[in-house]
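Read the figures in this text as sums done on the coordinates, not as results from a lab. Fair warning: this is a prediction, and the values are worked out from it, not measured in the lab. A quick note on method: Cβ atoms are made from the backbone with ideal geometry, for glycine too, and the neighbour counts reach across all protein chains shown.
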Amino acid sequence: MTPRERVHCVLAGRRPDRPPLSFWYHFPADQVSGPAALRTHLEHRAAFDLDFLKVMNDNGYPHAARVESVRDLAAIGELRGDEPEFARQLELLAALRAELRGRVPLVTTIFNAWAVLRHLVRPPTTHRPPEMDAAADEPSRRIRALYAENADAVRAALRTIAANLAQFAQRCIAAGADGVFLSVRDDWVDVSGGPALYADLVRPTDLHVLSGAAGGWFNLLHVCGRAIDFAAFAGYPAAAINWADRAAGPSLASVSGWLRPAICGGLDNLGTLVNGTPEECAREVDDALAQAGSRPMIVAPGCTYDLARVPRANLEAVCAAARGNKGAF
């Protein structure tokens with residue numbers, strides 16, 4: 001099977017010749033756009049023969065000013081979806097599509113409206129695997145403080161950002177992406193443990209972004225952090241769902257019987273990939289497939305991994321284990 005055929009099988013609930021797999025990390029700052037980004041993405045995919053390519057997107061959001069007050073929120077305006085920061089990603093997608101010719105599915109990264117607003121409150125200086133302690137997230141604390149000061153202003157800003165991201169998502173599909181990789185996270189919002197604020201304030205904006213990607217066949221929802229209301233995310237209109245089943249839960253075994261989107265996970269990007277042996281990484285693949293049971297699944301980590309900390313031998317062991325699960329799978 002081709003990578004595209006393999007992924008299509010899993011999304012349709014059928015077993016391919018063997019489980020498809022992929023993994024990803026944030027590339028260095030000089031490789032996020034242009035020819036360097038094209039080369040790095042292609043080299044990464046080819047090095048491990050990945051079955052789909054998560055197209056990284058660290059180009060930023062087209063709004064130069066930092067958000068420090070309620071007044072700043074009003075300055076967040078409507079966009080077309082092809083501004084310079086967006087255009088760099090659109091150009092990369094078109095170039096990847098031309099090189100791969102549709103054989104390898106492309107899902108392009110989009111951070112949801114809350115995450116974008118976080119970046120406007122505090123622009124990121126580096127991109128690393130996620131911090132699982134949501135209560136320590138200072139940008140989210142600041143957004144909650146702005147919401148307490150003026151709920152309508154925060155709500156309006158999130159809606160505007162989401163509408164702009166939906167425009168961008170539509171352009172991504174037109175440029176050659178097979179879907180979006182929408183990153184969401186509710187424990188930044190509902191730190192008290194109750195899902196009320198996320199459901200009211202953020203979930204509608206998530207769905208708006210996904211509506212812009214409705215033309216894609218492989219929209220992949222990434223649930224970052226420790227989900228407070230995983231079941232609600234499982235109801236999103238996405239073809240597949242990816243989350244840190246090892247580090248955060250829920251386990252694959254606990255959801256395989258009822259989860260509607262295709263399963264994408266099984267690898268511990270914060271633990272086993274970093275500290276385990278190649279043999280332990282291979283066993284983790286086998287265990288993930290056993291947990292999924294009768295459900296075909298995509299083997300992948302729960303989030304990005306740290307290239308400087310994950311031995312290449314561990315990644316190669318993951319690939320070998322996935323490709324060795326033919327008859328049993």
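Every test in (1) within 27 Å of V116 (Cα to Cα); (2) over 17 Å from the mean Cα position of the chain (by Cα) is passed by T2 save one, and that test is (1).
For region 225-241, filtered to residues that are of a type outside the set (A, V, I, L, M, F, W, C) and under 18 Å from A134 (Cβ atoms), the residue that is surrounded by the most Cβ atoms within 10 Å (Cβ to Cβ) is G225. Considering region 186-275, the qualifying helices (runs of 4 or more DSSP H), each wholly inside and each with 2 or more residues that are among the small types (G, A, S) and farther than 21 Å from R144 by Cβ, run over 203-212, 230-234, 252-255. The condition of being among the acidic types (D, E), more than 16 Å from the chain's Cα centre (by Cα), surrounded by fewer than 20 Cβ atoms within 10 Å (Cβ to Cβ) and under 22 Å from E78 (Cβ atoms) holds for only one of D152, D200, D190, that being D152.
I'd like to verify a number: residues in region 240-263 that are of a type in the set (F, W, Y) and touching a His at 6+ places or on another chain (Cβ under 9 Å), how many?
Here the count works out to 1.
Taking only region 173-185 into account, find how many residues are in a loop (DSSP other than H, G, I, E, B) and either out of contact with any strand residue (DSSP E or B) (no Cβ under 6 Å at 6 or more places or on another chain) or free of Cβ contacts under 8 Å to residues at least 24 places away in the same chain (or both).
Qualifying residue count, region 173-185: 2.
Against the definition (β-branched (V, I, T), touching a residue at least 24 places away in the same chain (Cβ under 8 Å), closer than 30 Å to A148 by Cα and surrounded by 13 or more Cβ atoms within 10 Å (Cβ to Cβ)), how does V70 come out, yes or no? Yes; evaluated as a whole, the condition is true for this residue. Residues that are under 17 Å from the mean Cα position of the chain (by Cα) and either of a type in the set (D, E, K, R) or closer than 22 Å to A134 by Cα (or both) within region 203-223 comprise R203, T205, D206, L221, H222, V223, listed in sequence order.
Of all residues in region 231-260, exactly one satisfies the criterion of being in contact (Cβ under 8 Å) with a residue 40 or more places away in the chain and among the basic types (K, R), namely R246.
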